[in-house]
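Chemist: I have a structure here, written as structure tokens, and I will follow up with some questions on it.
The values are calculated or read from the model by the stated rules, or taken from the named source; none is laboratory data. Computed from a predicted structure; not experimentally measured. So basically every Cβ, Gly included, is an ideal-geometry build from the backbone, and we count neighbours across all protein chains shown. For the accessible areas, the whole protein counts, side chains as well, though only heavy atoms, and no ligand, DNA or RNA atoms are used. Shrake-Rupley method; radii C 1.70, N 1.55, O 1.52, S 1.80 Å.
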Amino acid sequence: MKTVLLVDDSTTLLMSMKAILEKSGYAVETATGGDAALKKLTTLKPNILITDLNMPGMDGITLIKEVKKNPLFRFMPALMMTTESQQEKRNEARAVGATGWLVKPVKPEELVAVLKKLLPGA
Amino acid sequence: MQLSSLATQFVLEGRDHCEMAASGLLDLEKHSHDPDVVNGIFRSFHTLKGTSGIFPEYLSITTLTHAAESLMDLIRNGKVNIDSELTDLFLAVLDQVGLWLEHIEKSGALPVAADNESAGLLSALISKKEIAEGKQESSVAATVTETVVSNPLEEQLRDWLLQLEPASKASLLSALDSADKSFTAFCYTPVSDSFFFGDDPVSLVHTVEELLLLEVSKVLEVQFDLDYDPFVCNLRFMAVAAADIETVREIFGYVEDQISLLALTPQLFIPESPPVIEETKIQTAPEKPENLQISSSQEQGVTAVDAGGKKNTYIRVDQEHINTLMDLVGEMIIAKNSLPYLVRRAASFYKAPDLADEIDMKHGTINYIVSGLQETAMQMRMLPVARAFERFPRLVRDISKKLDKKVRLIMTGEDTQADKDVIDMLGDPLIHLVRNSLDHGVETPSERLAAGKAEEAVITLRAFQDKSDIVVEVEDDGRGIDPERIRMKAVEKGIITSDSAASMNDEEAIQLIMAAGFSTNDVVTDLSGRGVGMDVVMNMVTSLGGSVRAFSTPGSGSRMRLTLPMSMAISKILIVCQNGCTYGIPADDVMESMINVHKSRVTTVNGYPGLEVRGELLPLYSLSVQLEMSGDRSIKPGFSAVVVKIKGEAVAIAVDSFQDISDVVVKPLAGMLQKHPYYNGSTILGDGSITFILNMQEVIKNANHP
Amino acid sequence: MPITLETSEKQSFISIRGVTEPDEGDELLSLLREHPGISVDLSGMEHLHTALLQMLISAETPIAAWPQDTFWRKCMTKNPPALPLPEETP
């Protein structure tokens, strides 16, 4: 089973996405901030990281940058959740190693479709 | 910065294409409109565009070569005629790309202002194209041309569709005809570092449902060797899917900059007038394999292996490996050379003559193998002189244009081979010589006509092999060198006294142009520099163990001849002993050696000693005197003599004795000895001792007779 | 372990099973280097990461057995068949 690490400062969002993903057959672990996510990373060894862009403390771009420094996660896909108005941040995210982005609010079917694309064989 | 092997490959191939396209353009100038040549140039731009496309950071190259390719396409289709102005433009584009490739090789990236550098070229290309298309639209208004600066990836896709197997085309066409479904062709070229972005390109492609056709190919022809980097993406996916364009676009949403899409229509299978004859795949072997046995790149080389006469297969080999192999072969030769010592020791010290014989026999076998090994290793380093010649068509064209002179360049013997180091170092002296010819030798067209010569001058670059030397000549049919003027100038500059100038014959006099600080032209031009040319050429060539000779007939031309050793790595030397030291004399210089010469054969003529050899009296020098040794410098009774040929003249050198002839690896001198004129290098002999190799030309130069 | 070296008396081959990860590229690379010309059994393979696919293409590795999904065969065949493969009827 593929493991997803979800990072967002909103617990509501985390819970709803977790529910969608678990229903689709993924194992989901959540973190409410960049620092917490980094702590969980090495023991969890997720197959994909989905993080919000704006979070108190470490933001999503810095988180992806930090994660990609670890050779264990050099090939791990990482998605950034942005709102329509944050389009310019996408290039920045791409530059630090993000695979792509999800537009908030994330539609359940879109989320599942993207994961299916990025995590083959699940 | 260390380039990835993929980028290195790109630089190598890119350079080849720049060279091929440039020489094609020059060919076109001569033979009007040869469609094969035009196609070749088009292909080079096409490939440059295509391969640069997988490196998003090299977008400037892709953009520029794409514009050049589009314009070249119009020429290919006969819509535009290529003229001298366009040739200049294309050459300038190739120069720009060449500079960028060099920058990439050095720093790993394009210059920051790359786009600014090429802006002028780009707008020139685009405006030329627009002018041409404007004309075309008015004349053939009916043809629908959708080539509005289309993106390069899309063109690749069109090309691919056109090249499909007839059966594939037919089935796609019939599918288009019958179904009310839409079909989409796509070309997906992931960026080389896409894995590190978490992309798995094949997985995206797999997500596309109902793929009718799929072709996965390598973008650059990378060998599966020790340098293979599994995490650099080098694949291109071309496919046709039974889906509409928006569905496919959505799947590749995150990588939209790496994909091009086309809604399939029957029109896509109809080639534009003249059919596109080209290959999208990159050729494994270079077009002119014999020109490329080792590429000029620092990092890599190409080695030719003949695979059954018909087709040469090439593998790229890191030049470091070849150098290491050469070094090892050298060590092996040294080790092998110690066997004769061992034979002697076994016989005389250990009193085991049988063992000595056996070692001697084994020595023979090892000798045989090692010489085969040595020859193969040397062959791997051999390059055709074409490598050093290839820049000249361009150089002669540009400079003669600048000087308003008409010059035709003839090159012969381009396939003459020599060691890579020799070929590489040949370039600069040749540039000096050719520039000198263009600048000083060749007259202006009016001067030539006045002198009753053809308006167009001829410069000949000629190479041929002479025993173990490679001879390269630069000849022109210009005004030649006036020995009288040379004499005057040399006296004026204090290079020689007027007495010696008067006693010199013409042939000797013109050699004076190679003396340091000599220049025959008072006018300084930006082409040949400040007349420092010839002595620089002389120094470069002699540092390679070669020589330069000038020939001239005033009024009808001059010829400069460079003679260089074909290979510098391993040479045969004769080991001589003098005052207890050993020296090596290059065996190529040695004509004859004599042991135990009787004093009676030495005659003194005009106070100088001479040695009678086969009825001829040769000047006799003493090695101890020539090398300015301390101690007893007299020629001892029962001395040995070596007859050497220096600049075509035979002289005898007296030495105490000599040992055998040996194959040695000559190492260049380092440090303080580097500047020592008498020595060419040093070597380690079989017994482990170090011996200097003599530069006989220098040793004899100051005739210090005893 | 999705990538294993299978050795029998007659011959050895590399077996790739399940879903592969890019990190396994190193493993496959060293196996291919240690056994030049070795063939690969893909019959139990579900997904081949591009890095591994690219490696098999570059090394011109013979495929001893293809996976069920014909997509992979198309990826690794030089001149792809013009029409959907026989067993792939939509």
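Chemist: Based on C-alpha coordinates, I'd like the Rg and Dmax of chain B, in Å.
Modeler: Radius of gyration, then largest Cα-Cα span, for chain B: 32.4, 110 Å.
Chemist: From Cα pairs below 8 angstrom and at least 6 apart in sequence, can you work out the relative contact order of chain A, rounded to a whole percent?
Modeler: The value is 24 percent.
Chemist: Place a +1 charge on the Cβ of each Lys and Arg in the protein assembly as shown and a -1 charge on the Cβ of each Asp and Glu, then give the dipole magnitude about the Cα centre in debye, rounded to the nearest 20.
Modeler: The calculation lands at about 1780 debye.
Chemist: List the residues of the range A:45-89 whose accessible area drops by at least 40 Å² when all protein chains are present, compared with their chain alone, using a 1.4 Å probe and counting only protein heavy atoms.
Modeler: In the range A:45-89, residues shielded by partner chains: A:74, A:75.
Chemist: Using a Cα-Cα cut-off of under 15 Å, which aspartates and glutamates could be cross-linked to residue A:68, ignoring same-chain neighbours fewer than 8 residues away?
Modeler: Output for residue A:68: A:35, A:59, A:92, B:193, B:199, C:23.
Chemist: May I ask you to evaluate 6.51 cos²θ - 1.76 cosθ + 1.60, the Karplus curve with θ = phi - 60°, for each residue of the range B:577-594 and list the ³J(HN,Hα) values in order in whole Hz, giving x for glycine and proline?
Modeler: So the J values, rounded to whole Hz, are 10, 8, 6, x, 10, 9, 9, x, 10, x, 4, 5, 7, 7, 9, 7, 9, 10.
Chemist: A follow-up question, please. Summing +1 for each Lys or Arg and -1 for each Asp or Glu, what net charge is found among the other residues whose Cβ lies under 12 Å from the Cβ of residue B:101?
Modeler: Counting the neighbours of residue B:101, the net charge comes to -4.
Chemist: Please list, in chain and number order, the residues 5+ apart from residue B:233 or on another chain whose amide H is under 5 Å from its amide H, with Hs placed from the backbone.
Modeler: B:193, B:194, B:195
Chemist: Here's something else I'd like to know. To the nearest 20 Debye, how big is the dipole of the range B:384-565 about its Cα centre, given +1 on the beta carbon of each Lys and Arg and -1 on that of each Asp and Glu?
Modeler: I would put it at about 380 debye.
Chemist: Could you go through the range B:161-174 in sequence order and give the Karplus-derived ³J(HN,Hα) for each residue, using 6.51 cos²θ - 1.76 cosθ + 1.60 with θ = phi - 60°, rounded to whole Hz, and x for Gly and Pro?
Modeler: My calculation for the range B:161-174 gives 4, 5, 8, 4, 4, x, 5, 5, 4, 4, 5, 5, 5, 6 Hz in order.
Chemist: Could you list which residues have their amide H under 5 Å from that of residue B:165, counting only those 5 or more apart in sequence or on another chain, with H placed in the peptide plane?
Modeler: none
Chemist: Tell me the Rg and the Dmax, in Å, that the Cα atoms of the range B:150-284 produce.
Modeler: Final numbers for Rg and Dmax: 15.5, 51 Å.
Chemist: Across every pair of different alpha-carbon atoms, what Kirkwood hydrodynamic radius in Å does chain A reach?
Modeler: 14.1 Å
Chemist: Could I ask something else about it? Quick one: P(r) of the protein assembly as shown from all Cα-Cα pairs, 10 Å bins, percents rounded to integers, in order of increasing distance.
Modeler: All Cα pairs, binned at 10 Å, distribute as 2, 9, 15, 18, 16, 13, 11, 8, 5, 2, 0, 0 percent.
Chemist: In the protein assembly as shown, what percentage of the DSSP-assigned beta bridges are antiparallel, given to the nearest 5?
Modeler: 75 percent
Chemist: To continue, here is another question. Kindly give Rg over Rh for the range B:432-487, based on alpha-carbon atoms, with the Kirkwood expression for the hydrodynamic radius.
Modeler: 1.08
Chemist: Going by amide H atoms built from the backbone, whose H comes under 5 Å of the H on residue B:212, apart from near neighbours?
Modeler: B:240, B:241, B:242
Chemist: For chain B, what relative contact order do you get, as a whole percent, if you take Cα pairs closer than 8 Å and at least 6 residues apart?
Modeler: Once normalised by length, the contact order is 8 percent.
Chemist: Enumerate the lysines that residue B:453 could reach by cross-link, defined here as Cα to Cα under 18 Å, with residues fewer than 8 away along the same chain left out.
Modeler: Cross-link targets: B:405, B:406.
Chemist: Another one. Hey, got a sec? Which trypsin sites (Lys or Arg not before Pro) in the range B:402-501 land in a DSSP loop and have at most 14 other Cβ atoms within 10 Å?
Modeler: Those that pass, being in a loop and sparsely packed, are B:467, B:493.
Chemist: Using +1 at the Cβ of each Lys and Arg and -1 at the Cβ of each Asp and Glu in chain B, identify which of B:264, B:597, B:417 lies farthest towards the dipole's positive end.
Modeler: Of the candidates, B:597 comes out farthest on the positive side.
Chemist: Further question on the same structure: Rounded to the nearest percent, how much of the accessible area of the range C:3-76 (1.4 Å probe, protein heavy atoms only) is carbon and sulfur?
Modeler: The nonpolar share, carbon plus sulfur, comes to 44 percent.
Chemist: What is the Cα coordinate range of the range C:3-76 on the first, second and third principal axes, sorted by size from largest, in whole angstrom?
Modeler: 31, 23, 20
Chemist: Another question about this same structure. What total accessible area, in Å², is buried where chains B and A meet, using a 1.4 Å probe and rounding to the nearest 100?
Modeler: Using a 1.4 Å probe on protein heavy atoms, the buried area is about 1400 Å².
Chemist: Which lysines have a Cα less than 26 Å from the Cα of residue C:74, not counting those fewer than 8 places away in the same chain?
Modeler: A:116, A:117, B:169, B:181, B:218, B:281
Chemist: Share of antiparallel DSSP beta bridges in the range C:3-76, in percent to the nearest 5?
Modeler: Rounded to the nearest five, the antiparallel share is 40 percent.
Chemist: Also, quick follow-up: Over the alpha carbons of the range B:384-565, what is the largest minus smallest coordinate on each principal axis, giving the biggest first in Å?
Modeler: 44, 39, 27
Chemist: For the range B:56-72, take each phi angle, set θ = phi - 60°, evaluate the Karplus expression 6.51 cos²θ - 1.76 cosθ + 1.60, and give the result in whole Hz per residue in order, putting x for glycine and proline.
Modeler: x, 6, 9, 3, 4, 5, 4, 5, 5, 5, 5, 4, 5, 4, 4, 5, 5
Chemist: Here's another thing I want to ask about it. Averaged over all directions, how much area does the convex hull of the C-alpha atoms of the range B:570-701 cover when projected, in nm²?
Modeler: Here the figure is 8.3 nm², rounded to one decimal.
Chemist: Still on this structure: Would you mind giving the total buried accessible surface between chains C and B, with a 1.4 Å probe and ligands, DNA and RNA left out, rounded to the nearest 100 Å²?
Modeler: Separately minus together, C and B give about 2600 Å² buried.
Chemist: Next question. With r as the distance between the Cβ atoms of residue B:466 and residue B:698 and R0 = 22 Å, compute the FRET efficiency 1/(1 + (r/R0)^6) and round to 0.05.
Modeler: Efficiency at R0 = 22 Å is approximately 0.55.
Chemist: Convert 10 °C to kelvin, take the viscosity as 1.306 mPa s, use the Kirkwood radius over C-alpha pairs of the range B:1-148 as Rh, and evaluate the Stokes-Einstein diffusion coefficient in µm²/s, rounded to a whole number.
Modeler: 101 µm²/s
Chemist: Do any residues of the range C:41-63 show a loss of at least 20 square angstrom of accessible area between the isolated chain and the full protein assembly, using a 1.4 Å probe, and if so which?
Modeler: C:47, C:49, C:50, C:51, C:53, C:54, C:55, C:57, C:58, C:59
Chemist: Would you mind getting the Kirkwood hydrodynamic radius of the range B:335-468 from its Cα pairs, rounded to one decimal in Å?
Modeler: 19.1 Å
Chemist: Any idea of the accessible area per residue across the protein assembly as shown, 1.4 Å probe, to the nearest Å²?
Modeler: I get 47 Å² per residue for the protein assembly as shown.
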